[in-house]
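Below is one structure, written out as structure tokens, with a few remarks after it.
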Amino acid sequence: MTFVDDAPMPLPGMPDNIPAPPAFQMTLIGQPQPVRIPERLWRSWLDNPAVVARFESKRYRRHQDRCWPWIGGVSSTGHGSFRAASLPGPSRRGTVPAHLFAYQLENGVISRLGWSNADDAVLCHQCDFAGCTNPAHLRLGTNSTNRSEYDLRRRNIASPLADVRGPAGRTRAVAAAIRTGLDQRDDLDTIEHRIHDAEQAGMPFTLW
């Protein structure tokens with residue numbers, strides 16, 4: 001008897017061994033139109049020293065307890081935009097949120113991260129600064145909890161969420177202050193003063 005192949009036949013009533021579909025992650029840049037990125041693509045970027053080096057050149061590392069501001073491109077939501085790769089297809093494909101890249105660089109790829117449903121997993125800024133890329137300031141949460149925390153904390157006039165320039169304006173102002181300091185070869189303390197002044201410039205005025 002001749003067999004076509006040596007693959008075992010499935011038992012009656014048992015499902016075929018169908019490979020699981022590839023895991024996709026949803027990313028968000030600017031307007032809430034998600035872009036699907038396969039896990040394998042994320043891993044190829046995170047494991048590529050050249051891509052990681054480009055990423056590191058666009059964020060400003062400080063002490064572990066402080067925000068690490070993004071000094072590259074900024075989305076309309078105030079998050080850093082990092083072009084991990086130039087890919088064919090829809091506009092901005094290959095451009096990802098900088099804080100998402102930072103978190104996964106530290107903790108590994110997050111499977112099936114979504115942005116549409118209230119119970120989808122999202123990456124939340126504990127520091128409330130959208131331009132922060134310090135993985136210690138980021139945690140996984142859900143859309144619903146992230147929104148409720150935002151509504152609660154934005155009423156605090158000392159919070160980054162109260163910045164009158166909006167999240168994008170704040171991120172751009174802090175980034176500009178850092179770039180100026182680096183261009184002028186300022187010492188670390190001087191750059192810290194520049195960051196502080198840029199942050200305070202957007203705080204709402206109060207009368208007591």
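The values are calculated or read from the model by the stated rules, or taken from the named source; none is laboratory data. The model shown is predicted, which means the values in this text are computed figures rather than measured ones. So basically every Cβ, Gly included, is an ideal-geometry build from the backbone, and we count neighbours across all protein chains shown. To get the accessible areas, we keep the full protein, side chains included, count just its heavy atoms, and leave off ligands, DNA and RNA. Shrake-Rupley method; radii C 1.70, N 1.55, O 1.52, S 1.80 Å.
Length, then width, then depth: along the principal axes, the Cα atoms of segment 149-193 run 39, 18, 15 Å. Looking at segment 164-207, the accessible area is 64 square angstrom per residue; that uses a 1.4 Å probe and ignores ligands, DNA and RNA. Taking label positions 7 Å along the Cα-Cβ direction at both T145 and E106, the computed distance is 1.7 nm, reported to one decimal. Neighbours of D197 by Cβ distance under 15 Å: Lys/Arg scored +1, Asp/Glu scored -1, total 0.
Centroid-to-centroid, using Cα positions, segment 130-208 and segment 61-75 are 10 Å apart.
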